[in-house]
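Read-outs throughout are calculated quantities, based only on the coordinates presented, and are distinct from any laboratory measurement. All values reported here derive from a predicted model rather than from experimental measurement. Cβ placement follows ideal geometry from the backbone for every residue including glycine, while neighbour counts extend to all protein chains displayed.
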Amino acid sequence: MLDRIRSRFRRKPSVKTLSPDNIPQHVAIIMDGNGRWAKSRGLPRVAGHHSGMKAVKRVTMAADRLGIKYLTLYAFSTENWKRPKSEVDFLMKLPQEFLAIELEELIANNVQVRMMGYKEGLPSHTLQALETAIERTAGNTGLVLNFALNYGSRKEMMDTVRQLCQEAAEGHLQPGGLTEADFEARLLSGGMPDPDLLIRTSGELRISNFMMWQLAYSELWFTEVYWPEFSEEHFLEAVSEYQRRARRYGGL
Ligand code: IPE
Ligand code: IPE
Ligand code: MG
């Protein structure tokens, strides 16, 4: 009750009301609800995916303005292959469409594009668009825009375990001396800090096989808003809520 009254009187967050010394370094987003957004408007599901691209642009620019260093966007999971082929085919065309429109502006803003996921199974046109963007932005030093595409956390961890076993079998490492850092370095996210803040849109309260190791101490923020409707203001609201949280990591 008190919380509800407080939130009613709280000023709408803006870049100015956020505290500049507590900006999350890494924000990860499960961009969900495209299909339901489309359905609620009597449109085909793919129209939701298409509209979701504009939200990607809005949030990328907002993250850049805030000085966030890493933005990881869950775009396609290793489980999303279960969907009808027509929907998968549509989704696989979005990276090239997005980059054809936005790459020059991303470059102008010093954004570095990365991909976190498995190349196997992705159509060559999808990969090629991403690889071009990755190469052309490799030297950029601003926001890292990390697309989780054909990504699944269980596969990521299993592959890491397999690789460590292989290295041990070849005598390059001692199983007894294995550290968390050894494991982390071999994950697809190797080299990136863990997400400070995880956002999931569309009202689903689950992780759906996303960064399960890396999210161990992330702050979680959920909203009912469908991804195509997710605005800069929603994003600032999430960051503002993040700034009110006390992160304890098991301590006091
Ligand atoms: C998220 O929206 C995008 C992807 C998973 C690719 P959905 O397509 O899952 O939309 P809903 O959850 O069915 O509404
Ligand atoms: C998670 O959303 C994957 C992405 C947003 C890319 P899903 O819509 O696939 O998740 P579930 O099936 O509702 O758990
Ligand atoms: Mg969904």
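Treating r as the C-beta distance of K16 and N110 and R0 as 30 Å, the FRET efficiency rounds to 0.85. Across the range 1-139, Cα pairs under 8 Å and at least six residues apart give a relative contact order of 21 percent. Measuring between their Cα centroids, the range 11-69 and the range 137-204 lie 24 Å from each other. Would you mind checking K57/K93; K93/K119; K57/K85; K54/K93 for any pair whose Cα atoms are more than 19 angstrom apart? Those over the limit are K57/K85.
Take the Cβ atoms of Y118 and M157, set R0 to 22 Å, and the FRET efficiency comes out at 0.95.
Fully extending the segment from K93 to L178, taken as 0.36 nm per residue of separation minus the present Cα-Cα distance, adds 26.5 nm.
Scan the range 3-112 for GluC sites (Glu not before Pro) in coil per DSSP, keeping those whose Cβ has at most 16 other Cβ atoms within 10 Å, and list them by number. Working shown, then result.
Numbers: sites: E79, E87, E97, E102, E104, E105; in loops: E79.
The qualifying sites are E79.
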